[in-house]
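The values are calculated or read from the model by the stated rules, or taken from the named source; none is laboratory data. Keep in mind that this is a model prediction, so the values were computed, not measured. Because the Cβ atoms are built from the backbone with ideal geometry, glycine has one as well, and the counts that use them run over all protein chains shown. Protein only, heavy atoms only, side chains kept; ligands, DNA and RNA dropped before computing areas. Shrake-Rupley method; radii C 1.70, N 1.55, O 1.52, S 1.80 Å.
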Amino acid sequence: MPAWTLRADGIQIAVRVTPRGGRDALTAGTDEHFAARLSAPPVDGAANAALVPLVAGHFGVPRRAVTIIAGETARLKRLHVAGDPHTLARIAQALYGDQP
């Protein structure tokens, strides 16, 4: 599955999270997922709580528009980002350059 998929109400993205990874950053990962480094530890949902605003900031949407839909306790997570799917896809494409 590609790193992002268009949906009627936004896009769905796959993110591989590295908690305690220094400063927070969202970058291109592989063809299958984005890569997120988070300074938060993977304890009591702290990493998930840090991931949502990071993704929201990169895609220019409010935090409430980002939902973790799979992988709540795993490193590989699937998120839904609500908004205009084509605008969000262009932002995702910009993170990857010429990939997907």
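Annotations
- Our estimate of slack between residue 5 and residue 76, defined as 0.36 nm per intervening residue step minus the Cα-Cα distance, is 24.0 nm.
- Karplus (6.51, -1.76, 1.60) ³J(HN,Hα), θ = phi - 60°, over the range 47-58, in Hz, Gly and Pro reported as x: 5, 4, 5, 7, 5, 4, x, 5, 5, 4, x, 5
- The chain, accessible area per residue, ligands and nucleic acids excluded (1.4 Å, Å²): 53 Å²
- Two-site FRET efficiency, residue 67 against residue 89, from Cβ-Cβ distance with R₀ of 25 Å, rounded to 0.05: 0.90
- Only one item in (i) 33, 15, 10; (ii) 20, 14, 12; (iii) 18, 17, 12 matches semi-axes √(5λ) of the Cα gyration tensor in Å derived from the coordinates shown, and that item is (ii).
- The fraction of accessible area contributed by carbon and sulfur in the chain is 53 percent, rounded to a whole number (1.4 Å probe; ligands and nucleic acids excluded).
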